[in-house]
1. What are the pairs, 6+ residues apart or on separate chains, where a residue within segment 133-157 that is of a type in the set (Phe, Trp, Tyr) has its Cβ under 7 Å from a residue that is open to solvent by 10 Å² or more (accessible area, probe 1.4 Å)?
2. Can you pull out the residues in segment 15-44 that are in contact with a helix residue (DSSP H, G or I) (Cβ under 9 Å, 6 or more places away or on another chain), acidic (Asp, Glu) and at pLDDT 95 or above?
3. In contact with a strand residue (DSSP E or B) (Cβ under 6 Å, 6 or more places away or on another chain), surrounded by 13 or more Cβ atoms within 10 Å (Cβ to Cβ) and charged (D, E, K, R) - does that describe any residue in segment 90-100?
4. Across segment 1-11, what is the number of residues that are touching a strand residue (DSSP E or B) at 6+ places or on another chain (Cβ under 6 Å) and surrounded by fewer than 15 Cβ atoms within 10 Å (Cβ to Cβ)?
5. Within segment 126-144, can you find the residues that are of a type in the set (Asp, Glu) and either open to solvent by less than 30 Å² (accessible area, probe 1.4 Å) or assigned to a helix (DSSP H, G or I) (or both)?
6. When you go through 104, 33, 23, 46 one by one, which is the residue that is of a type in the set (A, V, I, L, M), surrounded by 15 or more Cβ atoms within 10 Å (Cβ to Cβ), part of a strand (DSSP E or B) and in contact (Cβ under 8 Å) with a residue 12 or more places away in the chain?
7. Just one of the numbered conditions (1) of a type in the set (Gly, Ala, Ser); (2) closer than 19 Å to residue 156 by Cα; (3) under 14 Å from the mean Cα position of the chain (by Cα) is not true of residue 10; which one?
8. Condition first: in a helix (DSSP H, G or I) and open to solvent by less than 90 Å² (accessible area, probe 1.4 Å). Now tell me which residues in segment 58-88 satisfy that.
Amino acid sequence: MSYELYVYAATEDEPLVDEISALLEVAGWQWALVSDIETFNQTSDLSGATALGWDLADDIGDSVAEAVAEENPDLLSAPIELLSAVEIEVEFPFDPDPEVISELRESDIDAKLVTRVEEAVACYAFRVDGHVTETTVEFLWALASAVGVLTDGVLEDVEDNSLLDCTDNDD
């Protein structure tokens, strides 16, 4: 099973890790961005990376920080089950599929949001594969929402066939 969210961004500027971290912390999450899940190689580029997230209440930040700093997942003293792993891909420049746009236009989705998807310059894909837990889905949503807010994006929930305006304070 997999779960996916997409953010269609109005800007080509990739949000900074520190900016994302600040928004995730407000939502009760900490994270580390690694280019290789097997070696915990830290990166600052979202594309091709894996986000490792954990609930602030789990108090495992020091353990994760040490494992990532040393690029050695074996140093992780916390149970690996406390980490949520989300794969990230970035498509830039983004070229929307005309068939998808057509399907969105035929649905009951707000036409202004569909236009923003069509005019987006980048697309961020957030994906969880394998055993998907409720905690992982919560982290996935927090991460995608943070990127959406920072890029003035539109978030697509593929499962729900819905678009959310990340610039709308009510969402």
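1. 139/29
2. Passing the criteria: 19, 25.
3. Initially, segment 90-100 is screened for residues in contact with a strand residue (DSSP E or B) (Cβ under 6 Å, 6 or more places away or on another chain), giving 90-92, 94.
This time we only want the ones that are surrounded by 13 or more Cβ atoms within 10 Å (Cβ to Cβ), so: 90-92, 94.
Now narrow it down to the ones that are charged (D, E, K, R): 91.
Checked segment 90-100: at least one residue is in contact with a strand residue (DSSP E or B) (Cβ under 6 Å, 6 or more places away or on another chain), surrounded by 13 or more Cβ atoms within 10 Å (Cβ to Cβ) and charged (D, E, K, R).
4. Step one: filter segment 1-11 for residues touching a strand residue (DSSP E or B) at 6+ places or on another chain (Cβ under 6 Å), giving 2-9.
From the residues that got through so far, the ones that are surrounded by fewer than 15 Cβ atoms within 10 Å (Cβ to Cβ) too are 2.
Selection size over segment 1-11: 1.
5. Pass one, segment 126-144, residues of a type in the set (Asp, Glu): 129, 134, 138.
Result: 134, 138.
6. Details: 104 fails: part of a strand (DSSP E or B); 23 fails: part of a strand (DSSP E or B); 46 fails: part of a strand (DSSP E or B).
Checking each option against the conditions leaves just 33.
7. Residue 10 satisfies all of (1) of a type in the set (Gly, Ala, Ser); (2) closer than 19 Å to residue 156 by Cα; (3) under 14 Å from the mean Cα position of the chain (by Cα) except (3).
8. Our first condition is that a residue be in a helix (DSSP H, G or I); within segment 58-88, this holds for 58, 61-69, 73-75, 80-82.
Matches in segment 58-88: 58, 61, 63, 64, 65, 67, 68, 69, 73, 75, 82.
The values are calculated or read from the model by the stated rules, or taken from the named source; none is laboratory data. Small disclaimer: the values here were computed from a predicted structure and weren't measured. In this analysis, Cβ positions are derived from the backbone assuming ideal geometry, glycine residues included, and neighbour counts consider all displayed protein chains. Each accessible area value is taken on the protein alone, full model and side chains, heavy atoms only, with ligands, DNA and RNA left out. Shrake-Rupley method; radii C 1.70, N 1.55, O 1.52, S 1.80 Å.
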